[in-house]
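The values are calculated or read from the model by the stated rules, or taken from the named source; none is laboratory data. This one's a predicted model, so the numbers in the text were calculated from it and none came from an experiment. We place every Cβ from the backbone using ideal geometry, glycine too, and count neighbours over all the protein chains shown.
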Amino acid sequence: MPIKVVDIFAGAGGLGEGFSTFTNEQGEKLFKVVLSAEMDGHAAKTLRTRAFFHQFPLGKAPDSYYAYVRGEVLQPWTEDTREKWEAACSEAHQLTLGEGEHDDRLDQLLSEKIGTNSTAPWVLVGGPPCQAFSLAGRSRNVGIKDYDPAKDHRHFLYRHYLHIVSKYQPAVFILENVKGMLSSRVDGERMFPRIIADLTQPGGPDGPKYRVVPVVRHSGFEPEERDFLLRAEELGLPQARHRVVLMGIKEGVSLPEDALLQPGKAKQVIVAHALHGLPELRSKLTEDDGKNWAETASTILRNTAQKVAAAEPEVAKLLMARANALKSKLAKDPGTGGQFVSARAEKWHSGKHLPHDLRAWLVDERLKGGWLNHFSRGHMTSDLERYAYAAAFAEVHKRAPRGPGEFPSLGPAHKNWAEGTKFVDRFNVQCADAPSSTITSHLAKDGHYFIHPDFRQFRSLSVREAARLQTFPDNFFFEGPAGAQRKQVGNAVPPYLARQIASVVFAAINGSASGKASSEI
């Protein structure tokens, strides 16, 4: 019988995705998400769609699911699978924790799904909103008149864990948040030791007791605070994402030391390999209808090359060569993509340079007709000049340009764009030969931090490309408009990382490092 999982503050379901695909050697699922709760309506819809996918054995999702994500039908289920769809709707809920009515509803659902007297072990996972803890969020809060951290309820959303853990007593819980949690203060008191202490005795002295530990190996007898920080690039992900992960283990549950994750053992995965095989796209242009894209693009690249020629001759040379190539009659418009981008079968060779396990995790042969959520966004000409230059600069120098001094004649007239400010990476290209920088929800606002490494495309990342760097399987479909999809991707826990965390949790519950992380999805 699979171990039940409850996912709160679920977002698009990155944590749940990792647990849902963890299997034994026979391919049997070892975890089952029975309840997920998320406040955002678009993300909640994504959760329901994916919950339907996971009602079936791995690799056995119905054709109707694939027809739906390709845009061929209006719903992923048929009359034959209606019962599975209803089960998915019973699993995924739109709830805003911290609001009384919704808290009561969650409590009711937990009573139904888990029960207060259950002897079967279960797992609670989630990542409370991080704006109050993140360094960027704290910087913004400083500028808010009369802002009082002690009155910011987001600092205390982890207390939902206290109520749930105390009342329903999971065998293990996982709490994920930004690394700023380690340094955040309220009224001069550091929040992290307070959070650890609260989670250790969630119901007070007379309640259940938990040991809060990292999921990675540490050198000392007792873990240090820094041991709670997971670095995704050290665990085989194509992204330098650093997040705090707390694992609470109920008193009486043991954790084998050999089950803990070992950073640095996995092969480093770079952006070029993660994005390999995804079709080229061109940017939409806010000042042009795109009908003469080759000519427009050529002009943009030529103008950019002329502006930077004196300071960066090699970069200008690359840009000018591409500008001339676009003037050829053979130049084709790659298009701006869409919710489903089809491709000829012989062109479908996605991710062939990835490590076998990661490629098997990402790529779904049943999507051989194309890719989901792969579309570009619109940009101003001035931004496209910066994107083209930044990507070509990275091609030449093997690093991203930083600050006004390395953007000759291209910088914006903005107060945050000046030497000595903290926004030197305002325009950040994802270098092809290294893991990406952290994919964040800022992806929904603009593409400046997420410039595609190919200067020939000079655009920001598509949703699917960002999802690849976040290790969402290619058959994972994001619901909602473009901005909502980008937000969901940026806010998520990488599923491939969550799957590794699931292996540690399973070992704790079973007392041995058995089970495996399935590559078949």
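Scanning region 359-381 for residues that are touching a Leu at 6+ places or on another chain (Cβ under 8 Å) and in a helix (DSSP H, G or I) turns up 362, 381. Residues in region 76-103 that are assigned to a helix (DSSP H, G or I) and among the β-branched types (Val, Ile, Thr): 81 only. Sub-6 Å Cβ pairs linking a first residue in region 157-172 that is farther than 14 Å from residue 204 by Cβ to a second residue that is part of a helix (DSSP H, G or I), at least 6 apart or interchain, are 158/195; 168/110; 171/509; 172/505; 172/508, ordered by first then second residue. Each residue in region 389-411 was checked for being closer than 10 Å to residue 429 by Cβ and either in contact (Cβ under 8 Å) with a residue 60 or more places away in the chain or crowded, with 17+ Cβ neighbours inside 10 Å (or both), and 9 of them qualify.
Rundown of residues vs (1) at pLDDT 90 or above; (2) over 30 Å from residue 453 (Cα atoms), yes/no style:
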{"site": "141", "(1), (2)": "no, yes"}
{"site": "163", "(1), (2)": "no, yes"}
{"site": "168", "(1), (2)": "yes, yes"}
{"site": "174", "(1), (2)": "yes, yes"}
{"site": "187", "(1), (2)": "no, yes"}
{"site": "201", "(1), (2)": "yes, yes"}
{"site": "217", "(1), (2)": "no, yes"}
{"site": "222", "(1), (2)": "no, yes"}
{"site": "243", "(1), (2)": "yes, no"}
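Please verify whether residue 328 is farther than 28 Å from residue 58 by Cβ, of a type in the set (Ser, Thr, Tyr) and outside any helix (DSSP H, G or I), treating the condition exactly as stated. Yes. Picking from 6, 33, 73, which residue would you name as being in contact with a helix residue (DSSP H, G or I) (Cβ under 6 Å, 6 or more places away or on another chain), of a type outside the set (Phe, Trp, Tyr) and assigned to a strand (DSSP E or B)? It is 33.
For residue 358, indicate whether it is touching a Phe, Trp or Tyr at 6+ places or on another chain (Cβ under 9 Å), surrounded by 14 or more Cβ atoms within 10 Å (Cβ to Cβ), of a type in the set (A, V, I, L, M, F, W, C) and within 29 Å of residue 268 (Cα to Cα). Please lay out each step first, then the result.
On the way: touching a Phe, Trp or Tyr at 6+ places or on another chain (Cβ under 9 Å): yes; surrounded by 14 or more Cβ atoms within 10 Å (Cβ to Cβ): yes; of a type in the set (A, V, I, L, M, F, W, C): yes; within 29 Å of residue 268 (Cα to Cα): yes.
The answer is yes for residue 358.
Out of the residues in region 184-228 that are part of a loop (DSSP other than H, G, I, E, B) and among the polar types (S, T, N, Q), which is surrounded by the fewest Cβ atoms within 10 Å (Cβ to Cβ)? Here the residue is 219.
Within region 36-70, the set of residues being in a strand (DSSP E or B) and hydroxyl-bearing (Ser, Thr, Tyr) comprises 36 only.
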